[in-house]
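The values are calculated or read from the model by the stated rules, or taken from the named source; none is laboratory data. Here the structure is a predicted model, which means the values were calculated and not measured. Don't worry about glycine lacking a Cβ; one is built from the backbone with ideal geometry, like all the others, and counts go over all protein chains shown.
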Amino acid sequence: MKIHQLSLFLENKPGQLTAPCRELADAGIDIRTLSLADTQQFGILRLIVSDWKRGYELLRDKGYVVKDTEVVAIEVPDRPGGLLEVLKVFEKSAVNIEYMYAFTFGRGDKAVLIFRFDDPDAAIALLNSAGINVVGSVEVYNR
């Protein structure tokens with residue numbers, strides 16, 4: 001159950017984050033969660049939005065450098081050591097975690113995290129075999 005993440009490359013200067021957020025808001029596309037990483041010259045804004053296809057087309061048509069990437073959302077026990085339990089699943093596998101960030105909602109005693117794996121299908125198989133809940137796109141896009 002992979003979900004789609006939009007990645008935008010923005011100049012690292014004041015005001016660059018406002019414009020794409022305004023474009024999405026004006027189009028009625030909800031940002032479900034985001035992550036912003038920077039370097040001296042540019043930033044990478046990673047977004048999970050309510051309608052990724054429309055969001056992708058809108059931002060591309062507005063001139064943004066935007067990329068669609070498949071990521072995996074999983075539930076993690078919201079307690080000390082909860083993330084460690086998930087990380088142990090990959091400890092002896094060939095699957096690499098490229099990056100991860102927190103989602104804006106949790107469910108009860110569970111937190112939700114977004115992972116970018118080098119092999120998402122293999123990661124999902126490992127997670128499923130370990131009994132870890134992979135959150136579906138319907139839950140993410142339509143929460």
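Observations
- Selected residue (only one of 86, 66 is in contact (Cβ under 8 Å) with a residue 24 or more places away in the chain, surrounded by 14 or more Cβ atoms within 10 Å (Cβ to Cβ) and either touching a Gly at 6+ places or on another chain (Cβ under 6 Å) or not assigned by TED's automatic domain parsing to the domain that holds residue 7 (or both)): 86
- Applying the criterion of being of a type in the set (D, E, K, R) and touching a strand residue (DSSP E or B) at 6+ places or on another chain (Cβ under 7 Å) to the residues of the range 1-24, the residue that is surrounded by the most Cβ atoms within 10 Å (Cβ to Cβ) is 2.
- Checking each residue in the range 17-56 for being more than 25 Å from residue 72 (Cβ to Cβ) and in contact with a Phe, Trp or Tyr (Cβ under 9 Å, 6 or more places away or on another chain) picks out 19, 23, 42.
- Unique match (being within 27 Å of residue 24 (Cβ to Cβ), at pLDDT 90 or above and more than 15 Å from the chain's Cα centre (by Cα)) among 58, 84, 113: 58
- Cβ-Cβ under 6 Å pairs, at least 6 apart or on other chains, the range 30-48 side in contact (Cβ under 8 Å) with a residue 60 or more places away in the chain and not assigned by TED's automatic domain parsing to the domain that holds residue 11, far side buried (at least 17 other Cβ atoms within 10 Å of the Cβ) and of a type in the set (Val, Ile, Thr): none
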